[in-house]
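Reviewing the structure listed below.
The values are calculated or read from the model by the stated rules, or taken from the named source; none is laboratory data. Please read these numbers as outputs of a predicted model, since none were measured by experiment. All Cβ positions, even for glycine, are placed from backbone atoms using ideal geometry, and neighbour counts span all protein chains on display. These area figures cover heavy atoms from the full protein model, side chains too; ligands, DNA and RNA do not enter into them. Shrake-Rupley method; radii C 1.70, N 1.55, O 1.52, S 1.80 Å.
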Amino acid sequence: MPAAAPVPPSAPSEEWEYLDTDVLTPARSSRVCMTCQHFRYEVGKHCVTLLTCPIHKGLIPQGEHLTRRCSRWVARQEVRRGWCPDGA
């Protein structure tokens with residue numbers, strides 16, 4: 001299954017809502033939000049780290065990125081293809 005292209009945000013991510021509990025399911029493997037190709041983090045206006053998912057256009061609650069994932073989880077490019085696949 002090809003990776004879905006990230007959706008450009010129409011509003012600043014600080015204005016996004018937190019993801020519902022039914023979107024993120026518990027995971028007991030390395031397949032969690034933090035290891036997903038789509039996972040992003042940024043710093044907000046008040047110097048607070050925001051964990052975001054551009055696919056769902058939502059904020060990930062603090063700590064949930066370590067223990068949960070959604071159904072659209074995709075392995076990071078570096079893991080699948082290596083850090084410099086063209087140089088090999």
Of the residues in the stretch 15-58, those that are part of a helix (DSSP H, G or I) and either polar (S, T, N, Q) or within 18 Å of R76 (Cβ to Cβ) (or both) number 3
Count of residues meeting criterion [out of contact with any helix residue (DSSP H, G or I) (no Cβ under 9 Å at 6 or more places or on another chain), under 16 Å from W16 (Cα atoms) and open to solvent by 70 Å² or more (accessible area, probe 1.4 Å)] in the stretch 53-80:
1
Restricting attention to the stretch 37-52, report how many residues are open to solvent by less than 30 Å² (accessible area, probe 1.4 Å) and either more than 9 Å from the chain's Cα centre (by Cα) or within 11 Å of L24 (Cα to Cα) (or both).
2
Residue in the stretch 64-75 that is at pLDDT below 90 and either assigned to a loop (DSSP other than H, G, I, E, B) or aromatic (F, W, Y) (or both) present:
no
